[in-house]
1. Mind ordering 216-223, 186-193 by average Cβ neighbours within 10 Å, highest first?
2. Under unit Cβ charges (Lys, Arg +1; Asp, Glu -1), what dipole magnitude, rounded to 20 debye, does the stretch 160-221 have relative to its Cα centre?
3. Using helices alone, what [θ] at 222 nm do you get for the chain, with -39,500 (n - 2.57) per DSSP H run of 4 or more residues, divided over all residues and rounded to the nearest 500?
4. Please give the helix 2-18 orientation as an angle from the longest Cα principal axis of the chain, in degrees from 0 to 90, rounded to the nearest 10.
5. Expressed as a whole number of Å, what is the distance separating the alpha-carbon centroids of the stretch 164-183 and the stretch 216-248?
6. About its Cα centre, what dipole magnitude does the chain give when the only charges are +1 on Lys and Arg Cβ and -1 on Asp and Glu Cβ, stated in debye to the nearest 20?
7. Please tell me the relative contact order of the chain in percent, rounded to the nearest whole number, where contacts are Cα pairs under 8 Å and at least six residues apart.
8. Which option, [x] 33, 20, 19; [y] 34, 26, 18; [z] 28, 22, 16, is the value of semi-axes √(5λ) of the Cα gyration tensor in Å that was calculated from these coordinates?
Amino acid sequence: MGDIMATIDTYVDETAETGRHLVKSAERTVRILETLAASGEFRSLAELQKLTGYPRSSLYELLQTLRALRWIDTADDGLAFGIGPHALLAGTGYLDRDPALPLAVRQLELLRAELGYTAHFARLDGAHVIYLATRETLEPRQVVSRVGRQLPAHATALGLALLAEKTSTEVDEVLPEQLAALTAKTTTSRERLEVELSGVRSAGYAVEREQNTLGISCVAVAVPYRIPATDAISCSLPLASATDDEIERVSSVMMRHAAELSRTLKHKGIR
């Protein structure tokens with residue numbers, strides 16, 4: 001539940017920084033959907049009230065409206081709520097209109113074929129990265145992400161690769177004051193994070209080991225068709241395979257694929 005609250009708090013902070021006036025009912029509706037999406041499971045009315053802080057009566061009315069419109073579902077007992085099918089339709093609409101995605105997917109397939117590891121394409125969204133495409137390894141290994149998953153940028157190689165495109169001041173402005181820990185290996189110190197980002201800038205790629213998923217290491221490279229880069233590709237490796245030599249080999253191949261994808265996107269006029 002702590003990860004959900006961190007996501008909500010970040011959303012509130014980012015909203016406050018814009019200085020825009022928000023329509024209360026619309027804001028509450030969006031926050032309910034984001035809370036359920038971040039949870040990944042059904043939540044009772046009492047749990048949602050605790051997470052959102054909304055009055056029970058108005059929260060219940062909003063939930064019933066969202067349920068009638070099929071943006072949320074209820075559990076078999078009708079007493080708990082979860083994300084619904086129309087939320088998926090909205091998400092796929094975002095993917096459908098993105099001209100970079102089909103080309104990124106093709107590049108992921110080439111990357112997976114060359115390296116044999118699960119490959120991802122993700123985009124920086126404030127203090128998080130959102131996975132837009134994944135091509136799983138053909139071997140039976142643990143699935144570590146899925147399309148639409150959102151993770152804290154500081155805890156992923158994808159996020160580190162993209163945060164490294166920013167200045168230290170810009171990174172401070174984007175990230176929350178408290179860095180959430182997803183595992184015992186997650187970097188939560190701002191000083192340590194800055195050292196990691198400096199290393200990414202020097203190497204041209206990012207590496208993380210078990211910072212968001214135990215037993216998994218990731219290598220990521222930014223795709224610089226925009227300045228600063230908003231998108232990156234990554235490969236997930238079993239921790240036992242992530243030797244220094246293998247990381248060097250994987251990163252070299254990935255930098256070539258990132259450069260190829262960037263050239264293709266620019267040639268197509270995609271910015």
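Read-outs: derived from the displayed coordinates by stated rules, not from any lab. Predicted, not measured: the structure shown is a model, and the values here were computed from it. Because the Cβ atoms are built from the backbone with ideal geometry, glycine has one as well, and the counts that use them run over all protein chains shown.
1. So the peptides 216-223, 186-193, ranked by packing, come out 216-223, 186-193.
2. That gives a dipole near 240 debye.
3. Taking each H run of at least 4 residues, the total per residue is -16000 deg cm²/dmol.
4. 90 degrees
5. Distance between centres, Cα-based: 19 Å.
6. Magnitude of the dipole: close to 760 debye.
7. That works out to 14 percent.
8. Only one listed value fits the structure, namely [x].
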